[in-house]
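The values are calculated or read from the model by the stated rules, or taken from the named source; none is laboratory data. The structure presented is a predicted model; accordingly, all values stated were derived computationally and were not measured. Quick reminder, even Gly has a Cβ in these numbers, built from the backbone with ideal geometry, and neighbours come from all protein chains shown. To get the accessible areas, we keep the full protein, side chains included, count just its heavy atoms, and leave off ligands, DNA and RNA. Shrake-Rupley method; radii C 1.70, N 1.55, O 1.52, S 1.80 Å.
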Amino acid sequence: MTILPRRQQNRIIRERRILDAALKVFSETGYSGATMDAVAIQAGLSKPTLYQYFESKEALFSAMLLGERDLMLEFFQHPSGGGMVADLLGFAWDYADTVLRPDLLSLARLIIGEVHRFPEIGHAYQESGPDRLLRGIMEYLEGRRTDGQLGFEEAELAAQDLWGLILSAPRTQALYMPDRQPDRAQIERYINNGLRVFLRAYSTRPAEDVATLEALISAHSLQQVEHDS
């Protein structure tokens, strides 16, 4: 294992602190209301130090969204070794755990409220977040088509189907009805059903892959019961 120099480690830690502070500020005040001064204060840094890491609010906003995107793509960029179905299930839960976080839901609501007056915010959000995430999903699915596990004509449509099937309904509800957040059982219901539908539609071995999914779901449920008891 390569050990980074202490100075580089400190920079990475400080950058993570800045991005965490940025998410808090942006989610509470919106893009137009957020300032570099507020982020610096939240991160416990001076404003000149903050500018050493990010040259503008726009750059900071994009970096913040890219960090969240990378978390969601972890299962696709670094497969678990458990196979395609395990990767899809892992991604689905990482995606759910990220986009249903209260701070990211608050950020999404504020951006929706500001895009009419500031369309550049919507473009920045879409490009740094959803569009890049979609491209990462497409690359993974195209790889599975190449090795014969999936069959489709357009990677973008297959990726959009995966995305929509696993969590579209509960996330929409969470966005517009903050007092009715889906619980773990509801999220699991949507994820499991969405993956079943996706595999039946796109897998070249649907019966085998759905059976693998059911086994993984059972194992996950057993682990959850043991964790809760």
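Loop-resident trypsin sites (Lys or Arg not before Pro) (DSSP state other than H, G, I, E or B) in the stretch 88-176 with no more than 14 further Cβ atoms inside 10 Å of their Cβ: Arg117.
Measuring between their Cα centroids, the stretch 1-52 and the stretch 173-218 lie 35 Å from each other. Between Arg16 and Ala215, residue separation times 0.36 nm minus the direct Cα-Cα distance comes to 68.0 nm. Between Leu150 and Arg145, Thr204, the built amide H atoms are under 5 Å apart, and every one of these is 5 or more places off in sequence or on another chain. For the stretch 137-189, the solvent-accessible area with a 1.4 angstrom probe is 58 square angstrom per residue.
Mean Kyte-Doolittle hydropathy of -0.5 or higher plus an axial Cα length of 30 Å or more: which whole DSSP H helices in the chain meet both? Walk me through the intermediate numbers first.
Values: long enough: 6-33 (35 Å, -0.88); 206-228 (32 Å, -0.14).
Flagged H segments are 206-228.
Atom-type composition of the exposed protein surface of the stretch 116-229 places 51 percent of the accessible area on carbon and sulfur (1.4 angstrom probe).
Extending 7 Å from Cα along the Cβ direction at Phe118 and again at Asp94 yields two label points whose distance is 3.0 nm. If a/c stays under 1.5 just call it rounded; otherwise compare a/b with b/c (prolate if a/b is bigger, oblate if not). Do that for the stretch 90-203, with a ≥ b ≥ c from the square roots of the Cα gyration tensor eigenvalues. Taking the square roots of the gyration eigenvalues as a ≥ b ≥ c, the stretch 90-203 is oblate. Per residue, the convex hull spanned by the alpha carbons of the chain comes to 164 Å³.
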